[in-house]
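Below: one structure, written as structure tokens.
The values are calculated or read from the model by the stated rules, or taken from the named source; none is laboratory data. Note that the structure is predicted; figures quoted are calculated from it, not measured. Note that we place each Cβ from the backbone using ideal geometry, even for glycine, and neighbour counts take in every protein chain shown.
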Amino acid sequence: MNGLTGDHLNGKTALITGGASGIGLGMARAFIAAGLRVAIADINETALATARTALPGLGLAVALDVTHSAQWERALDSVEAALGPIDILCNNAGIGQGRFADGRETLVADMPEMLWRMVLEINATGTFLGARAVAARMLARGRPGHIVNTASTGGLMAPGGLAAYCASKFAVVGLSESLRAELAPAGIGVSVLCPGGVRSNLFASSVAVRASVPGASEGLATVASEALRIEQAQRMDPVSVGQMVLRAIAGNALYIIPHPEYRGHIEERHAALVAAFGETAQPGYRDTDVTFERFRNPEYARAPRKPDPIS
């Protein structure tokens, strides 16, 4: 069986990026409670210091900008020197695209170019760099491991007003599905986490990161509206998400979806896709068997199946 399926996770070493707040901090709490050796990484060193105090049993906290491969290597060296080889990577660091200060959504037609580039660089490229660095070490050691990449429900469907964010999270889903097929023969599992609303510090942390790049925050809001603060306070407990991630690692789940209420939205999208399959554009044409089989991912069929949720 692939990944850490069937293994007792107690004593395994996990690294969680974006670990100083939100879902990352929730994962850290859940993992520590389950007996894992946990390291967290974050770009915000003030938040890291706060998390160290808030997390009794934390093994290590390291500063990391996930968009720099050299920083990844230094962080991994630090974690492995302190806690041993990394068995689990949770690629969780991310950024939101925000809204304009007047409340308008950041639509493609008037989105700052640097905002697009930053969202894709952090959410997609940052995930790639982490997965590449950790997978290489896992493969070299030749023992089971697991990688969890945080996407979003916005990686499974794309409403208007979230183009940059959804593009980045669709990329994370595609990366995760392909990476799972690549690593399965080596006994390394890959999961993609697609949450909906979870209590986090994403708005404030995104404002801070966007402000560090000229042009990325042009015209965007820097203070959350009262309505957003109220809505955020009602979102899912991040520790519950962390506990679900642990179960998914143990079960080698491909998809981790904590919010079943979105099933209907996903069914609408997939129904639209299936309905688009009709006649061929060139009568009598069919792709060659080589091309056709090249695009089949056997991990879709192998992914554990769950019973339909009770509505």
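Mind checking whether some residue in segment 24-37 is β-branched (Val, Ile, Thr) and under 19 Å from the mean Cα position of the chain (by Cα)? No; the residues of segment 24-37 include none that is β-branched (Val, Ile, Thr) and under 19 Å from the mean Cα position of the chain (by Cα). Candidates in segment 113-134 are the residues that are crowded, with 19+ Cβ neighbours inside 10 Å and farther than 17 Å from residue 151 by Cα; of these, the one that is modelled with the lowest pLDDT is 115.
None of 173, 209 is of a type in the set (Val, Ile, Thr), at pLDDT below 95, farther than 16 Å from residue 27 by Cα and surrounded by 17 or more Cβ atoms within 10 Å (Cβ to Cβ) except 209.
Picking from residues in segment 135-170 that are within 17 Å of residue 15 (Cβ to Cβ), among the charged types (D, E, K, R) and at pLDDT 95 or above, the one that is surrounded by the most Cβ atoms within 10 Å (Cβ to Cβ) is 137.
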